[in-house]
Amino acid sequence: MKRIIVIVLLLAVFGVLLMNMSESQTSTSSFVFDTPAYQGNKDFQDPDKRAAFADAWDKYVNRYTVNAATYNLSGGYEYTVPGKTYVNPKEYPDFFKDAAQIPVRWEAFPGRVLYYLKQKFIDTYGFVEGTDRMYKMVDMGPVAYQAEYKDSIVYIPKSPCNPNPDNLKLFDPLGPRGWLDEYCEMGIMRNSAKKIKKLHFTCENPEYYWTMWKVDPNKVLDIYQKTLGNTNIQLEDLYLTDAKGNAVIDRTTQLPAYNPINKWNSGTEMTDTKGGAMHLTSPPNELQAEIVLAGGGAVLRSYNVEENADANTLICCSKYGRRFRHSDPHIGQNVYQAVQEGLEVTLLNPVGLYLQEPLYQYFELPANAPKYAKIQDCFKFVRGEVHNKEDQLPYPNNMILHMIMEIPESWDDSITLEDIKVFGKNIKYGSQVMETIKVQLAAAGKPASVETKALELDCTADNGIVGVDYFVDANILKTSIDSYNKLNIYANVTSNITQVAQGSTVDNLAVVISNVVDKFGNGIPPNKFQPENFKISFPDTNIEVTSSYVGNDPAYATLTKNEEYTFNISVKVPADVSVGQYSILVTNNNFGLAVPHMIEVVAADALAK
């Protein structure tokens, strides 16, 4: 019976969702989403490129804020709360005035390692060796650890919300740094004696670099070289290539596309010839995930005091992240509780993930350190701000994007980081230092001026919402997901907004959908998928769409196998369509609505030819 009610309500809100999505998302609001820690102002000295980057970034954050603000229109049961719960500040440019700040901090060390693996390591090897092996696994990753030790410790339940001890998988996410899934990743550099001489910690999101790459690839190269301290890095090293080394060309720039897990941003080990931690790469570690997660946390669920008081139970209900991480359950619950208290919320500008200064009190310097030395001397904050400036919107605590730990040049050159103690033990692994680092985001909340009806959902209410996983040029998608790159598994496929010019026809755009279920919430397998039931459109625009299902193409086999279904579309954009962002809508004729993605219409002469 509940399921029938949900379906009816989903259809009832269809018109509301379309009204929110249909108009161009180009805003005349005075509010602008700033770059994380205002870093864009530092990275671009050229005023034209700075303006282009700022505009592109503002549009990117707005795209996912629109998604988050409409998240709670998916259907459910009436429940009175103030306002819209999650707010887009472009619609309320004065929202931050007198709003309460809600900082949310968590430990950078992977919470899922502590939950699933720590006790197993200790039970198997004893406290000292078991703890040592845990740190080593976090430094090297589960794939490398399993290859070296070949034990069963690093296997975990496939389904964290419905664990079955007989249904296990290797600790994930996979990828060069996938297991570091708390929005903080590290790079470790050693000297000739294999002692740790430098540690990099970054929380910069990959979207920043995708956006910057489209504006100026050489600026990305410059930042890589300066931040990682390595002039061996070359522009072509950063290209997305196929297995034969051919660069994939971005239609909109006619230049090679960017590879987020290139040789200089891959793995935890850093040398002069490869490796580095420039920005986040783990699949969950995206800025869009932070924004959509906050939107998901603002959706009130059928309230059970005992269940929803637990962050990990709530996350299984709302499906906005991974259980037992330090980050996602904590973020979602903080937003959820703010909404329960009658607040409208949004993420504080500038939206970002920020490292906090280490907990210095847990470090101990070696006896041969300089007389007046302190542990703070060993940390450099090379991107972001330790504190924001007086002329900027107040932001709580630190706004650090990238920090480096190394021994100062003025110290005795025999000293390495391994001579420093943390929590009473000499540093042997980078992950020991990670335990002293917090990551933070901040939300803002204020009481709504009016009361409206929101919808409280049960935990199955939005099972029928068709998700648009990717909307991207087909050539970039195919290369990204091929067996050579596997960006859909090891990192993320580009999240840049798909751009088309006024008066143009663009072919070979790929739209990948997921969460395709029947009326009972059961996933539809490839042999029962009926593509004719799906329609792709741009509501209330005269953009024409022609689509065909291509999920049987071997190039998309890895997606289809996972019940992600690919359509190839061609769009014809009339010359009179206004410049701006428009939502793409995928509807299932039988059941469900689509979470919106966007297309950006630009001026006829704006794209490279």
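The rows are residues; the columns are (1) without any contact (Cβ under 8 Å) to a residue 40 or more places away in the chain; (2) in contact with a Pro (Cβ under 9 Å, 6 or more places away or on another chain).
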residue	(1), (2)
D123	yes, no
E129	yes, no
S159	yes, no
P176	no, no
P217	no, yes
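In the range 354-381, the residue that is farthest from L199 (Cα to Cα) out of those that are more than 30 Å from the chain's Cα centre (by Cα) and aliphatic (A, V, I, L, M) is A367. Would you please name the residue that is farthest from M270 (Cα to Cα), looking only at residues in the range 374-431 that are open to solvent by less than 10 Å² (accessible area, probe 1.4 Å) and part of a helix (DSSP H, G or I)? Across the range 374-431, the extreme among qualifying residues is C378. Condition check for L235 on (1) of a type in the set (A, V, I, L, M, F, W, C); (2) in contact (Cβ under 8 Å) with a residue 60 or more places away in the chain; (3) closer than 30 Å to A37 by Cβ: one failure, at (2).
Here the range 509-525 is the region considered, the condition is being open to solvent by 40 Å² or more (accessible area, probe 1.4 Å) and within 26 Å of the chain's Cα centre (by Cα), and the residue that is nearest to S583 (Cα to Cα) is N515. Here the helices (runs of 4 or more DSSP H) wholly within the range 227-327 that include at least 2 residues being buried (at least 16 other Cβ atoms within 10 Å of the Cβ) and out of contact with any Gly (no Cβ under 8 Å at 6 or more places or on another chain) are 287-297, 311-318. For the range 135-162, a tally of residues being at negative phi, surrounded by fewer than 17 Cβ atoms within 10 Å (Cβ to Cβ) and more than 25 Å from the chain's Cα centre (by Cα) returns 5.
Of all the criteria given as (1) open to solvent by 50 Å² or more (accessible area, probe 1.4 Å); (2) farther than 24 Å from A294 by Cβ; (3) not basic (K, R), the one not satisfied by V113 is (1).
Confirm whether D462 is among the acidic types (D, E), closer than 30 Å to V512 by Cβ and either at pLDDT 95 or above or outside any strand (DSSP E or B) (or both). In short, yes. When the range 361-409 is filtered for residues that are in contact with a Pro (Cβ under 8 Å, 6 or more places away or on another chain), over 30 Å from A443 (Cβ atoms) and modelled with pLDDT under 95, nothing remains. Of all the residues in the range 59-100, those that are surrounded by fewer than 18 Cβ atoms within 10 Å (Cβ to Cβ) and either modelled with pLDDT under 75 or under 22 Å from the mean Cα position of the chain (by Cα) (or both) number 4.
When the range 108-154 is filtered for residues that are outside any helix (DSSP H, G or I) and of a type in the set (A, V, I, L, M), the ones remaining, listed by number, are A108, I153, V154. Beta carbons closer than 7 Å, at least 6 apart along the sequence or on distinct chains, pair a first residue in the range 185-208 that is under 12 Å from S282 (Cα atoms) with a second that is part of a loop (DSSP other than H, G, I, E, B) and of a type in the set (D, E) for N205/E286; P206/E286. Give the residue that is surrounded by the most Cβ atoms within 10 Å (Cβ to Cβ), with candidates limited to residues of the range 171-226 that are of a type outside the set (D, E, K, R) and at positive phi. Per the criteria, the residue is Y183. Can you tell me which residue within the range 340-373, out of those that are open to solvent by 70 Å² or more (accessible area, probe 1.4 Å) and not in a strand (DSSP E or B), is nearest to K428 (Cα to Cα)? Residue satisfying both the conditions and the ranking: Y362.
Does M137 meet the test of being at pLDDT 95 or above, among the hydrophobic types (A, V, I, L, M, F, W, C) and within 20 Å of K274 (Cβ to Cβ)? Judged against the criteria, M137 is not a match. Exactly one residue out of N589, N552, N542, N562 is surrounded by fewer than 18 Cβ atoms within 10 Å (Cβ to Cβ) and either of a type in the set (A, V, I, L, M) or modelled with pLDDT under 90 (or both): that is N589. Could you tell me whether the range 206-224 includes any residue that is among the polar types (S, T, N, Q) and at pLDDT 95 or above? The answer is yes; a qualifying residue exists.
The values are calculated or read from the model by the stated rules, or taken from the named source; none is laboratory data. Only a predicted model underlies this, so the values are computations on that prediction, with no experimental measurement involved. Ideal geometry is used to build each Cβ from the backbone, glycine not excepted, and the neighbour counts take in all protein chains shown. Just so you know, the surface numbers come from the protein's heavy atoms only, side chains and all, with ligands and any DNA or RNA stripped out. Shrake-Rupley method; radii C 1.70, N 1.55, O 1.52, S 1.80 Å.
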